[in-house]
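J.: Structure below; questions to follow.
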Number of protein chains: 2
Amino acid sequence: MTGILDTLADRLPAAALRPMEPRYLEEPRGRWHGLGAALVAPATTAEVAETIRACAQTGTPVIPYGGGTGLVGGQLAQSGTPPVILSMERMRTIRDVDAAAGTMTVEAGAILAELHQAAEAQGWIFPLTLASQGSARIGGLLATNAGGVNVLRYGNARDLCLGIEAVLPDGTVMNTLSPLRKNNTGYDLRHLLIGAEGTLGVITAATLRLFPKPERDGAALMVVPDADAALALLRMAQARIGEGISAFELIGRMGLDFLAEVGPEVKQPFPDHPAWTCLIDLGLSGGADPSVALEALFAEAFDAGLVTDGVIAQSEGQRQAFWSVRESIPLANRRIGAISSHDISVPVARIPAFIARAPGKLAEIGDYRINCFGHLGDGNLHYNVFPMPGRTRADHESERGAIKRCVHDMVHEMGGSVSAEHGIGRFKVDDLERYGDPGKLAAMRAIKAALDPKGIMNPGAVLRP
Amino acid sequence: MTGILDTLADRLPAAALRPMEPRYLEEPRGRWHGLGAALVAPATTAEVAETIRACAQTGTPVIPYGGGTGLVGGQLAQSGTPPVILSMERMRTIRDVDAAAGTMTVEAGAILAELHQAAEAQGWIFPLTLASQGSARIGGLLATNAGGVNVLRYGNARDLCLGIEAVLPDGTVMNTLSPLRKNNTGYDLRHLLIGAEGTLGVITAATLRLFPKPERDGAALMVVPDADAALALLRMAQARIGEGISAFELIGRMGLDFLAEVGPEVKQPFPDHPAWTCLIDLGLSGGADPSVALEALFAEAFDAGLVTDGVIAQSEGQRQAFWSVRESIPLANRRIGAISSHDISVPVARIPAFIARAPGKLAEIGDYRINCFGHLGDGNLHYNVFPMPGRTRADHESERGAIKRCVHDMVHEMGGSVSAEHGIGRFKVDDLERYGDPGKLAAMRAIKAALDPKGIMNPGAVLRP
C-alpha cells in the first residue's frame with residue numbers, strides 16, 4: 001500500500017490527505033466494519049480526478065464516501081485490498097442557484113439539509129426528504145438513488161437531477177451539468193451513474209431540479225382498520241387531491257408500541273395504539289386550504305367505513321409532531337434491534353395481500369414481532385422482524401438467513417423489489433444475483449468491465465468482483 | 001446478403017418476413033433515403049431475439065423501426081452494408097392496464113394515439129403528446145426519448161417509463177418491466193436504452209406511468225409584445241397555477257404568416273398576426289375552473305403590461321382550434337421548405353437573449369425568413385430558417401452548413417442543447433462530436449463497444465461506426 005500513499009502524497013495538496021478515523025469504517029448501526037488504507041478529502045474535481053488516476057495506476061480500490069448513512073454496506077469493504085476512502089466532505093459548495101429557472105448546481109459533498117435551506121432561501125423547495133437529511137450528502141444520495149417520503153409526489157433522487165459532473169474510473173471528468181429539461185444528445189450517462197453506488201465513477205457535482213413551494217402545508221393522521229382500507233383511502237385521496245399529496249405513510253401498531261417501550265419519547269396521537277395509522281401530508285397552492293381538504297377527505301372516508309378515527313394538524317407544530325412519530329420509528333427499531341430488516345416494494349395494489357400473507361409465513365420459522373411501516377403511496381414498506389420481548393437479536397442469529405429469504409421470496413413472487421430505496425451495496429449482492437434479471441445482470445457486468453476494467457471503483461458493491 | 005436472408009427464413013415464421021416497401025427507406029420529409037436488405041416484422045419478443053441473434057451471427061446491421069417519424073435519420077442507413085429493417089408494427093399489444101396503480105404494460109409497436117385511448121378508457125391519461133401521435137410507436141418514442149408539448153408538466157418519454165423489456169445486441173432478452181415506483185436493484189439500464197436510439201438494443205415492451213385525468217381542461221392564446229414578456233407571463237402563470245399548467249407554447253408571427261400563405265387552413269385567432277402569441281393549456285382538478293384561472297392570469301398580466309390581447313377558449317372545440325393553429329405550423333413549414341431546421345434548447349431564462357441575438361447573426365450569412373416557435377416552458381425552440389418569398393430551399397444549398405453552425409454555436413455558447421427532443425440520429429453525429437462533452441463521448445463509445453462489440457445495432461446512429 002505504500003505505493004498508493006506515496007503517489008497520493010506526491011499529487012495532492014497536504015490538506016486532502018487526512019488521518020483515518022473509525023467513523024469512516026463503520027455503518028450507521030455499528031454492526032459492520034470496513035477496511036481503509038487512506039482517507040482522501042479532495043477540495044476540487046481536479047483533485048478527485050488525480051485521486052482516481054492514482055488509484056487506477058496502482059490498482060488500488062477506492063470507495064466514494066458521502067455522509068456514510070447507507071444501510072447496505074455500500075461504503076464498507078470488509079475484505080480484499082484495503083481501499084482509499086474518498087470523502088466528498090470538503091466539496092460542499094452550492095455553485096449556483098438559478099431562481100428564475102428553478103435549478104441549483106451543487107457539489108457532491110453538500111448536505112441535504114443545507115440544500116433544503118438554499119432552495120428555500122430563493123423561494124423554491126428541493127423536495128428530497130428522508131430521516132438522515134442532516135448528514136446525508138447529495139453525492140451519496142444520487143449514487144444510491146435515494147427515495148424517502150416525498151417520492152409519491154416528486155420522484156426518487158434521479159428524478160430530481162438534471163445533470164451530473166463525475167470522475168470516471170480512468171480519471172476522466174465527465175461534465176453533463178445542465179439546467180435543461182430537454183437535451184437528447186447521446187446516452188443518458190447521468191442515469192447510469194445515479195444508482196450505480198460509486199461502482200462506475202464518482203459523482204462530484206449535480207444540477208438539481210427545484211419545485212415551487214406549496215403555499216400551505218397540512219397533515220393528518222387517520223386510523224384505518226386494515227391495509228385494504230389504507231389503500232382505498234390512498235385512492236380516494238388521489239382522486240380528490242391529486243398532485244397535492246406530498247406523502248402517504250403507513251404506520252403499524254408495533255411501531256407505536258416500540259416508541260412507548262424504548263422511546264424516543266414522542267406524543268402518541270392516539271391513547272390506544274391503532275392497528276394501522278396513515279400519515280397524509282399535503283402541500284397546496286392556489287388558495288386551497290389543506291385542513292379543509294383533509295376534513296372533506298376524512299368525512300367521505302368515514303362515511304365509506306375506511307377510517308375510524310383521525311386528527312388533522314391545526315398548526316405547523318402539530319404537523320411536525322405527526323412527522324416526529326413517523327421519523328422516530330427507525331430509532332426505536334435500532335434500540336429494539338431487528339433480527340432482519342427488509343426494504344421492499346411490491347405493486348401498490350398487492351400491499352394488502354403481502355401484509356396479510358407474510359406473518360403466517362414467518363411464523364413457520366419462529367415467533368417474532370413485526371414492525372411494518374413505510375411509504376404506502378410508493379408501494380414501499382420497511383418490513384422489519386424483531387425478537388419477542390425478553391429475547392434479543394443474538395438469540396436468532398441462525399434464523400436470519402431464513403427470515404430474509406422468506407420475505408424476499410414472497411416479494412419476488414409478487415413482482416416486487418428486494419431493495420426499494422436503499423440499494424444493493426454489499427449486503428444485497430446475493431439477492432441481486434438471485435432475483436435480478438439475468439439479461440440485465442449480464443449487461444451490468446459488461447458495462448462495469450468496459451468503464452472500470454481494473455475494477456477499482458467500489459469493488460464488491462452491487463456486483464461481485 | 002444471402003446469408004442473413006436464408007438464416008432469417010430458417011428461423012422465423014414466414015409471416016415475419018415481409019417484402020420491403022419504399023416507405024421504410026425514407027424519412028418523413030422525403031429528403032433522404034436509406035438502404036435495406038430485408039424487412040422483418042416479428043410477432044413476439046422471442047422472434048425479435050431470433051432476428052438479432054441471426055444478425056449478430058452474420059454481422060448484419062439491424063435498424064429497429066417504429067413509426068418512422070424521426071427527423072434526424074435514426075431510421076435510415078445511407079451507406080455501408082444494407083441493414084435488416086426490424087419493424088415493431090406487429091407487436092402492438094397492450095399487455096396490461098393496471099387501473100388501480102395507474103400503469104400500463106405495452107408492446108413497442110403500439111401507436112401513441114392507441115395508448116392515449118387505452119389509458120382514457122380506464123380513467124387515466126398517458127400524457128406524452130406530439131404532432132405525430134397517430135403514427136409514432138412507443139418503442140421509437142422511448143428509443144428517442146421523445147418530448148412534445150406536455151414535458152413542462154409530465155416530463156419527457158423517459159420520465160413516463162417505469163421499466164422496459166429489450167433485446168440486447170447479442171440476442172439476450174432483458175426484462176425490467178415493472179410497475180414499481182421504487183426499485184434500486186442495480187444499474188438503471190432502462191434509462192440507458194431509452195434515448196440510445198436503437199444503438200444498444202431493441203426495446204420490445206415498456207411499463208408506462210399513467211396520470212390522473214385532470215377534471216377540466218382549458219386553454220388561452222395571449223399576445224405578448226416580446227419574448228421577455230412571454231417569459232414573465234410563464235413565471236406569473238407558474239406562480240399562480242403551478243402544476244396545473246400542462247403546456248406553454250410560443251408562436252412567432254412567421255408561423256401565422258406561413259399558415260396564411262400555404263395552409264393548412266386554420267382559423268387565425270387574431271386578424272393581424274401578432275409578433276408573439278403564447279398558447280397556455282391547463283388541466284385542473286379539485287373543482288377549479290380553468291377559464292376563471294386564465295381570466296385572472298390575463299387580467300393580472302394585462303395590468304402588468306405583459307399581454308396586449310388574448311382569447312380564452314369557451315369550449316373544448318375552441319381549445320382544439322387553438323391547438324390546431326400550433327400543430328399546423330410544422331406542416332406549413334414543410335410546404336415552404338426550410339433551408340435549415342433546428343431543434344434547440346437553452347436555459348429558459350436565456351430564451352429572450354437567444355431570440356434577440358440570432359437574427360442578426362444569421363443576417364451576416366444571408367436574407368432569410370425565420371419561423372421561431374416551440375415549447376417555451378421547456379426552453380425548447382424549433383428555430384427554422386426559410387428562404388425569402390420567391391426563392392427556394394435549393395437556392396441556399398451552399399449556405400445550409402453555415403446557418404446550422406451559426407445557430408448551434410450560439411446555442412452551445414448559451415449552455416443549450418443542439419438536440420432538445422429529436423435526438424442525434426445520423427444527421428447530428430457531427431454536432432454531437434463537436435459540442436458533446438469529451439468524457440461523456442468516450443464513455444458512450446466504451447459502452448457501445450461493450451454491449452455491441454460487432455457494431456450491428458443501428459450502426460452510424462448517435463456514434464460514428
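The values are calculated or read from the model by the stated rules, or taken from the named source; none is laboratory data. What you see is a predicted model; the values in this text were computed from it and never measured. Reconstructed Cβ throughout: ideal geometry from the backbone, glycine too, with neighbour counts over all protein chains shown. Just the protein is used for accessible areas: all its heavy atoms, side chains included, with ligands, DNA and RNA removed. Shrake-Rupley method; radii C 1.70, N 1.55, O 1.52, S 1.80 Å.
J.: Compute the acute angle (0 to 90°) between the alpha-carbon long axis of helix A:2-11 and the principal axis of greatest extent of the alpha-carbon atoms of chain A; round to the nearest 10°.
T.: The angle comes out near 90 degrees.
J.: Oh, and also: Quick check: convex hull over the Cα atoms of segment A:405-449, volume per residue in Å³, rounded to an integer?
T.: So the per-residue Cα hull volume is 81 Å³.
J.: Put one equal scatterer on each alpha carbon of segment A:151-192, apply the Debye formula with no solvent term, and list log10 I(q)/I(0) at q = 0.13 1/Å to two decimals.
T.: Those come out to -0.33, one per q.
J.: List every residue whose amide H lies under 5 Å from the amide H of B:I125, counting only residues 5 or more places away in sequence or on a different chain, with H placed 1.01 Å from N in the peptide plane.
T.: Result for B:I125 returns B:F211, B:K213.
J.: Considering segment A:2-87, what Rg and Dmax in Å follow from its alpha-carbon atoms?
T.: 12.4, 36
J.: Something else about it: On C-alpha positions alone, give me the angle between the axis of helix A:45-58 and the longest principal axis of chain A, in degrees, nearest 10.
T.: 70 degrees
J.: So what is the accessible area of chain B per residue, in Å², with the probe set to 1.4 Å?
T.: Here the residues of chain B average 35 Å² of exposed surface.
J.: Using only protein heavy atoms and a 1.4 Å probe, how much accessible area in total is buried between B and A, to the nearest 100 Å²?
T.: 5600 Å²
J.: Now a separate question. Just to be sure I follow: if Rg is taken over the C-alpha atoms of segment B:214-336 and Rh is the Kirkwood radius over the same atoms, what is Rg/Rh?
T.: Value, to two decimals: 0.97.
J.: Continuing with the same structure: Give me the percent of the accessible area of segment B:342-465 that comes from carbon and sulfur atoms, probe 1.4 Å, all protein chains in place.
T.: C and S fraction of accessible area: 51 percent.
J.: Quick one: grab Rg to one decimal and Dmax as a whole number for the protein assembly as shown, Cα atoms only, in Å.
T.: 27.9, 93
J.: Something else now. Spelling out what I want: for every residue of segment A:167-183, take phi, set θ = phi - 60°, compute 6.51 cos²θ - 1.76 cosθ + 1.60 (Karplus), and round to whole Hz; glycine and proline get x.
T.: The phi angles translate into 9, 7, x, 9, x, 5, 8, 9, 10, 10, 4, 5, x, 6, 7, 10, 7 Hz.
J.: Roughly how tilted is helix A:351-363, in degrees to the nearest 10 and between 0 and 90, from the longest Cα axis of chain A?
T.: Taking Cα atoms only, the helix is inclined about 80 degrees.
J.: Taking the label point 7 Å from Cα in the Cβ direction, how far apart in nm is A:G134 from each other copy of itself, listed shortest first?
T.: List, nearest first: 6.1 nm.
J.: Let me ask something additional. How crowded by other chains is B:235-242, given as the mean number of beta carbons from other chains within 10 Å of each beta carbon?
T.: Partner-chain Cβ atoms within 10 Å, mean over residues of B:235-242: 3.
J.: Sticking with this one: Please work out whether segment A:124-175 counts as rounded, prolate or oblate from its C-alpha gyration tensor, where a ≥ b ≥ c are the square roots of the eigenvalues and a/c under 1.5 means rounded, while otherwise a/b larger than b/c means prolate and anything else oblate?
T.: prolate
J.: Now for a separate question. Give me Rg over Rh for segment A:1-157, both radii from the alpha carbons and Rh done the Kirkwood way, two decimal places.
T.: Looking at segment A:1-157, the ratio lands at 1.01.
J.: At each listed q (0.14, 0.19 Å⁻¹), what is the log10 of I(q)/I(0) that the Debye formula gives for segment B:215-278 modelled as equal alpha-carbon point scatterers?
T.: -0.48, -0.79
J.: Rounded to two decimal places and with Rh computed the Kirkwood way over Cα pairs, what is Rg over Rh for segment A:93-141?
T.: 0.94
J.: Okay, next question. Could you compute Rg(Cα) / (2.2 N^0.38 Å) for segment A:331-462, with N its residue count?
T.: Against the compact-globule rule of thumb, the ratio is 1.17.
J.: How big is the Cα convex hull of chain A in projection, averaged over all directions, in nm²?
T.: Its Cα hull, projected and averaged over all orientations, spans 22.1 nm².
J.: Can I ask one more? Can you list, largest first and rounded to whole Å, the semi-axes you get for segment A:285-349 by taking the square root of 5 times each eigenvalue of its Cα gyration tensor?
T.: The three semi-axes for segment A:285-349 are 30, 18, 13 Å.
J.: Still on this structure, I have one more. Where the accessible area of segment B:94-212 is counted over protein heavy atoms with a 1.4 Å probe, how much of it, in %, is carbon and sulfur?
T.: 46 percent
J.: A further question follows. Provide the descending list of Cα extents for segment A:94-212 along its principal axes, expressed in whole angstroms.
T.: Each principal axis gives a Cα extent; for segment A:94-212 these are 38, 29, 26 Å.
J.: Hey, what number do you get for chain A at 222 nm if only DSSP H runs of n ≥ 4 count, each worth -39500 (n - 2.57), divided across all residues, to the nearest 500?
T.: Calculated mean residue ellipticity at 222 nm is -10500 deg cm²/dmol.
J.: Whole-Hz Karplus ³J(HN,Hα) for segment B:393-401, in order, using 6.51 cos²θ - 1.76 cosθ + 1.60 and θ = phi - 60°, x for Gly and Pro?
T.: 3J(HN,Hα) across segment B:393-401, in whole Hz: 3, 5, 5, 10, 3, 6, 9, 4, x.
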